[in-house]
1. Starting from region 343-368, keep only residues that are in the same structural domain as Arg291 (by TED's automatic domain parsing), then list their pairs with residues that are in a loop (DSSP other than H, G, I, E, B) whose Cβ atoms are within a distance under 7 Å, requiring at least 6 positions of separation or different chains.
2. Take Asp323 and tell me if it is within 16 Å of the ligand (Cβ to nearest atom), part of a loop (DSSP other than H, G, I, E, B), among the acidic types (Asp, Glu) and assigned by TED's automatic domain parsing to the domain that holds Arg381.
3. Any chance you could count how many residues in region 155-176 are surrounded by fewer than 19 Cβ atoms within 10 Å (Cβ to Cβ) and in contact (Cβ under 8 Å) with a residue 60 or more places away in the chain?
4. Spot the failing condition for Gly293; the list is (1) small (Gly, Ala, Ser); (2) touching a Cys at 6+ places or on another chain (Cβ under 6 Å); (3) away from the ligand (no atom under 13 Å from the Cβ), and only one is missed.
5. Does Asp226 satisfy the criteria of being surrounded by 16 or more Cβ atoms within 10 Å (Cβ to Cβ) and of a type in the set (D, E, K, R)?
6. Restricting the search to region 242-262, which residues are out of contact with any Lys or Arg (no Cβ under 6 Å at 6 or more places or on another chain), of a type in the set (Val, Ile, Thr) and surrounded by fewer than 17 Cβ atoms within 10 Å (Cβ to Cβ)?
7. Please determine, by comparing only the residues of region 274-303 that are over 23 Å from Asp366 (Cα atoms) and among the β-branched types (Val, Ile, Thr), which one is surrounded by the fewest Cβ atoms within 10 Å (Cβ to Cβ).
Amino acid sequence: MDVNSHAEELASDLGVDKEEVKADLQNLLEYSVPIDEAKQSVRRKHGGGGGSTPTPDAVDVGEITTDHDGVTVTVRVLTQGTRTIRYQGDDLTIREGEIADETGVTSYTAWQDFGFEPGDSLTIGNAGVREWEGEPELNLNDSTTVAIADEAVAVDREVGGDRSLVDIAAGDRGRNVEVRVLEVDEKTISGRDGETEILEGVLGDETAKLPFTDWQPRSEIEVGADLRIEDVYVREFRGVPSINLTEFSTVTPLPDPVEVAEDAPRLSVADAVGSGGMFDVEVVGNVLEVRDGSGLIERCPECGRVVQNGQCRSHGDVDGEDDLRVKAILDDGTDTVTVVLDDELTAEVYGGGLDDALAAAKDAMDKAVVADDIADSLVGRAYRVRGNLSVDDYGATLDAVEFELADDDPAAHARAALAEVGE
Ligand SMILES: [Zn+2]
């Protein structure tokens, strides 16, 4: 709807001149007042009062589109998460989650505490509709009314935020997990309010492992602790979903140990890449190529980036520090991924450490011999790779934690056997 139509609707509701209403509206819109608020304000000015807002027609959740200005829905609350955001300079506590009826599910943001909980059946009057990540989302604000529905709303969906780690995705809010703390580190970061202590680490359950950040460090979070953590939100961090604990999250020790998956889920490269990023995943494929920037490399002493021709991208001319690394292209027939081996894994596949590599490079008077040597042993062979997969504009990268010849590759066995005979 444009200002004209809004003005027309308001003018006819209030029984006043349309041009006058339009001028008032335009004035408010110039000050970036949202249209709903502007209309409320014009209503009050003309004695319409906030309470006389006509309640929009009731719609099914499945029918809501971003073309709706406001809607009235009767729904079941599926989940609710709480967090503080900074909005126009103020810290604001908002509640977010999903609501559903028989026809569909939608997310919501409540800008005040309406007091409802997951499982409640509600009639929500005059909720605003905005677009969030391409989908309509309901905005529950000052003009919204929330009442207990006359009847319980039946939905064919899970009520409540309990999830296994494998089902956690970036963008989730109000989730509850039962996990074991596998790793935890204290860190100091400079946030918007100065230096802040946080905890970072890894959580596991029997389905998966995921990184986490606790923005309000809690003593219960220590390695080996089995915990139920309620009201976390999930955001993407370095390409994988990361669990965030806020001041609103609660942490309760569990009486029984949480089973943790030993193995990473094994996926095809296409499925792993298609997930948009995964923490702790396993793929099996053939090494097609060892890329430039492998073998004996130099890193910037300041930032650790790989230095090319004595130049760091951020720090310019630097005295690089020697290091070992492999960037290999792995292909399993469904897709390819760049596998990165750190210095330790590189030493394993090279069959020697940094000193050996430097000695070999000195003998040959060529650093490239190290990468050539590594390529000779890797290219054409099948490997099982476990690690953390991130996907960005430059492609998919698997930071390897484990890198081993695949057991199920007969050709590799044959070559390994031949190599032994030859020694
Ligand atoms: Zn640097």
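1. That search, which allows pairs on different chains as well, returns Ala347/Gly353; Ala361/Lys367.
2. In short, no.
3. 8
4. (2)
5. The answer is yes for Asp226.
6. Thr250
7. Of everything passing the filter in region 274-303, Val284 is surrounded by the fewest Cβ atoms within 10 Å (Cβ to Cβ).
Residue-wise test of (1) part of a strand (DSSP E or B); (2) away from the ligand (no atom under 11 Å from the Cβ); (3) more than 30 Å from Ile94 (Cα to Cα); (4) among the basic types (Lys, Arg).
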position: Thr252; (1), (2), (3), (4): yes, yes, no, no
position: Asp256; (1), (2), (3), (4): no, yes, yes, no
position: Glu262; (1), (2), (3), (4): no, yes, yes, no
position: Val281; (1), (2), (3), (4): yes, yes, yes, no
position: Asn286; (1), (2), (3), (4): yes, yes, yes, no
position: Ile297; (1), (2), (3), (4): yes, yes, yes, no
position: Pro301; (1), (2), (3), (4): no, no, yes, no
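The values are calculated or read from the model by the stated rules, or taken from the named source; none is laboratory data. Everything numeric here is computed off the predicted structure, so don't read it as measured data. Glycine gets a Cβ as well: all are built from the backbone with ideal geometry, and neighbour counts include every protein chain shown.
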